[in-house]
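Here, each number is a calculation from the coordinates, and none is a lab measurement. Please read all numbers here as calculations on a predicted model, not as lab measurements. Don't worry about glycine lacking a Cβ; one is built from the backbone with ideal geometry, like all the others, and counts go over all protein chains shown.
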Amino acid sequence: MEFLGRDTESRDLVHVPNSRPCIGPPSEYDKEEVVTNMVFVVSGPSGCGKSTLIAKARRDLAGLAFSVSHTTRKPRPSERDGVEYRFVSEKVFARMVRAGRFVEWARVHGHLYGTSKAEVERKSRGHDLILDIDVQGTRQVRKKIPSAVFVFIMPPVFAELRRRLERRKEDSPEDISRRLRDAAGEILAFAEFDYVVVNDELERAVGELKSVIVAARCRSAVRAGALGPILRSFASRARSSPKKGKP
């Protein structure tokens, strides 16, 4: 599968008037351009707690959809197809890469992972979208959706990351060793992110992730479209107010 060494998804941004940037230009597969609301990208080494933090944040914050990634690894006992991941064969994944159906994809821990354009399009209609992806995929998303908000989840110490991976008892010793080796390089990428949450105490870390999402939603550029009625009310009141004469 030689083509898996190339990034076939390097594309320019297409800007649609009165909307956020979208991924493009559309291929023959695209029926229309993929337009998103706010996109939050959460990344970090395996075992750092990304899934738990995202689940708790989504429980407390409305309007936040989760992007289900595709992967070629086998499902863990606790995972359900179409919920945590969409599990596919390498043959199917390769066919999707050739067709340009991924926003991002990479080989991580010996398996292929990717975020499909169809998933982004479907889940982001009327909702903000949160992605749980690796560092390699994050770099691809940054190029294609620069308006996204990038959050890195940092484990407190190496020993705690090892303990968490071993405690879940869903990976082989060889897989745990590979993930720990990869983690040593992944944590060095923290400076590429907008925010860093150290997951040493669960509820505090959940609170920090929620704070990032709430603050990002309050950015002036994000709120501008919704402020129209308020601004118009002031403009109309100013026009109708009688002008006072000079003293």
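Just a few scattered comments:
- Pairs exceeding 25 Å between alpha-carbon atoms, taken from Lys50/Lys117; Lys56/Lys169; Lys74/Lys117; Lys74/Lys144; Lys123/Lys210: Lys74/Lys144.
- In order along segment 77-92, the phi-based Karplus estimate (6.51 cos²θ - 1.76 cosθ + 1.60, θ = phi - 60°) of 3J(HN,Hα) comes to x, 8, 9, 10, 4, x, 10, 7, 8, 9, 8, 9, 6, 4, 5, 5 Hz; Gly and Pro are listed as x.
- Amide H within-cut-off set for Glu104, under 5 Å, with H built and near neighbours excluded: Thr115
- Neighbour cut-off at most 15 other Cβ (10 Å), DSSP loop, GluC sites (Glu not before Pro), segment 130-217: Glu170, Glu201
- Taking each residue as 0.36 nm, the span from Arg164 to Arg95 lengthens on full extension beyond its C-alpha to C-alpha distance by 21.4 nm.
- Applying a DSSP loop filter and a limit of 10 other Cβ atoms within 10 Å to the trypsin sites (Lys or Arg not before Pro) in segment 43-141 leaves Arg80.
- A crude spin-label estimate for the pair Arg223 and Glu201, with each label 7 Å from Cα along the Cβ direction, gives 3.0 nm.
- Those residues of segment 118-162 whose amide nitrogen sits under 11 Å from the label point placed on Phe190, 7 Å along Cα→Cβ: 152-158
- Estimated vicinal HN-Hα couplings, Hz - segment 214-227 in sequence order (Karplus 6.51, -1.76, 1.60; Gly, Pro = x): 5, 4, 5, 5, 9, 4, 4, 5, 6, 7, 3, x, 7, 7
- In sequence order, calculated HN-Hα J values of segment 114-127 (Karplus, 6.51, -1.76, 1.60; Hz; x Gly/Pro): x, 9, 7, 5, 4, 5, 4, 5, 5, 6, 8, 6, x, 9
- Simple label model, 7 Å out from Cα along Cβ direction - Ile230 to Asp81, nm: 4.8
- The alpha-carbon positions of segment 7-219 define a convex hull whose volume is 120 Å³ per residue.
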